[in-house]
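The values are calculated or read from the model by the stated rules, or taken from the named source; none is laboratory data. This is a predicted model, so every value here is computed, not measured. Every residue, glycine as well, gets a Cβ built from its backbone with ideal geometry; the counts of neighbours run over all protein chains shown. Just the protein is used for accessible areas: all its heavy atoms, side chains included, with ligands, DNA and RNA removed. Shrake-Rupley method; radii C 1.70, N 1.55, O 1.52, S 1.80 Å.
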Amino acid sequence: MKNIMDFKARSWLLGFAIAYLLLSTGQAQTGGLNRFNINSPQELKSFFKYSPDRIPFISAHRGGARKGYPENCIATFENTLRHTPAIMEVDPRYTKDSVIVLLHDATLDRTTNGKGKVADYTWAELQKLKLKDTEGNLTEYKIPTLDEALTWAKGKTILILDKKDVPIAVRVKKILEHKAEASAMVMAYNYEEARQSYRLSPDIMMEVFVPNQEKLKEFDKTGVPWENTVAFISHAKANDEALYGLLHQRGVMCMIGSSRIYDKEFVQGKTDVYEEIIKDGADIIEADLAIEAGAGIRNLLPKKSAKSKYFITAGTAKKTL
């Protein structure tokens, strides 16, 4: 999951498009969070199970960073949820003293006011640093631990734990330690990792990479139930249009990443790009521009859906989509 956008390259058109989309869809909310009403591992599996009346939604890549809000930062997660329902892709990484923190890069230079490798610093030393936003501005926010994020996420969202230098077994065990099976899942980079996760806990959901029919058939043979998975297709729409249908037949939701191509197209003025991704067959968009992507698919939300029970809109206690 590379190549987060250089937000310094934004034009005035981006600001106009954001304002228009947020205001026209009623998503520019100042209070409360959009949350997911998911309370058990089985409910999480049901939430992710594909159905024709499914509600498309966003996976905020590194939490949906933007001006004033750094990537992999709990305050950023909350800012994203104030505007759109979203799950959160995050990046766990070890410190020198084996604390797991959230930071994408192996080095500190780009995202903090520190320098050098994360692995060369203890947790206490890292706490003296501050995070930078997408424009390189220093903020008051500090690097969070994975433990803090897992505690925070309960009752709010679902964390997708990327790999970086933390093995899948450790990520699964962290989820189990926090009893977070209903609010966190792991990213499995290959099918052996998927098998390992399932052996450790059949309750854990995982994001697996299924870019074509060959890989789909390969996963069929793993013994891991499809109900434990979300399928990441690619950073571009599927080359094989039948792939969406084959995965949907297995009850699997399909994810497309927009950070490498489509977010840039949005910045350049193609404001319907997110809508097109969903119309092509995807169910989830993993976006750097999470708020804009959420606004961009708002018109595609079904009027009635069995999935609406899992969505609680911002500023309400019970109201669903």
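The Cα atoms of the stretch 128-191 cover 38, 28, 20 Å along the three principal axes, with the biggest extent listed first.
Once the gyration tensor of the Cα atoms in the stretch 210-250 is diagonalised, the equivalent ellipsoid follows with semi-axes of 17, 10, 10 Å, ordered largest first. Each principal axis of the Cα atoms in the stretch 83-190 has its own extent, and those three values, largest first, are 35, 34, 26 angstrom.
Cross-link pairs exceeding 23 Å in C-alpha to C-alpha distance, out of Lys49/Lys156; Lys154/Lys304; Lys49/Lys215; Lys221/Lys309, comprise Lys154/Lys304; Lys221/Lys309.
In order along the stretch 74-87, the Karplus-derived 3J(HN,Hα) couplings, from 6.51 cos²θ - 1.76 cosθ + 1.60 at θ = phi - 60°, round to 4, 4, 5, 4, 5, 4, 4, 5, 5, 10, 7, x, 7, 8 Hz, and Gly and Pro are given as x. In order along the stretch 123-128, the Karplus-derived 3J(HN,Hα) couplings, from 6.51 cos²θ - 1.76 cosθ + 1.60 at θ = phi - 60°, round to 4, 4, 5, 5, 5, 7 Hz, and Gly and Pro are given as x. Here the sum of -39500 (n - 2.57) over DSSP H runs of 4 or more residues, divided by the residues of the chain, equals -8500 deg cm²/dmol at 222 nm, to the nearest 500.
In the stretch 123-269, Rg over Rh equals 1.02, where Rg is the alpha-carbon radius of gyration and Rh the Kirkwood radius from pairwise Cα distances. Set the Cα radius of gyration of the stretch 20-174 against 2.2 N^0.38 Å, with N its number of residues, and you get 1.10.
For Ala124 and Asn299, a Förster radius of 41 Å and the Cβ-Cβ distance give a FRET efficiency of 0.25, rounded to the nearest 0.05. For the chain, what D do you get in µm² per second when you plug the Kirkwood radius from alpha-carbon pairs into Stokes-Einstein at 25 °C and 0.890 mPa s? Using the Kirkwood radius from Cα pairs, D works out to 125 µm²/s. Taking θ as phi - 60° and the Karplus parameters 6.51, -1.76 and 1.60, the scalar couplings of the stretch 296-301 work out to x, 9, 4, 5, 8, 5 Hz in sequence order, x denoting glycine and proline.
DSSP assigns beta bridges within the chain; of those with both partners inside it, close to 30 percent run antiparallel.
Once a ≥ b ≥ c are taken as the square roots of the eigenvalues of the Cα gyration tensor of the stretch 216-321, is the result rounded (a/c under 1.5), prolate (a/b larger than b/c) or oblate (a/b not larger than b/c)? Judged from the Cα gyration tensor, the stretch 216-321 comes out oblate (a/c at least 1.5, b/c at or above a/b). Across Glu241, Glu148, the residue with the most accessible area heads the list, and the full order at a 1.4 Å probe is Glu241, Glu148. Figure note: Asp91, Asp147, Asp97 ranked by solvent-accessible area, largest first, 1.4 Å probe, ligands and nucleic acids not counted: Asp97, Asp147, Asp91.
Solvent exposure of the chain, expressed per residue, is 41 Å² of accessible area, with all protein chains present and a 1.4 angstrom probe. The lysines whose alpha-carbon is closer than 17 Å to the alpha-carbon of Lys270, local same-chain residues fewer than 8 away aside, are Lys237, Lys279.
Below 8 Å between Cα atoms, with a sequence gap of 6+, how large is the relative contact order for the chain in percent? Write out the running numbers ahead of the final one.
Numbers: 692 pairs, mean separation 80.6, N = 321.
Relative contact order comes out at 25 percent.
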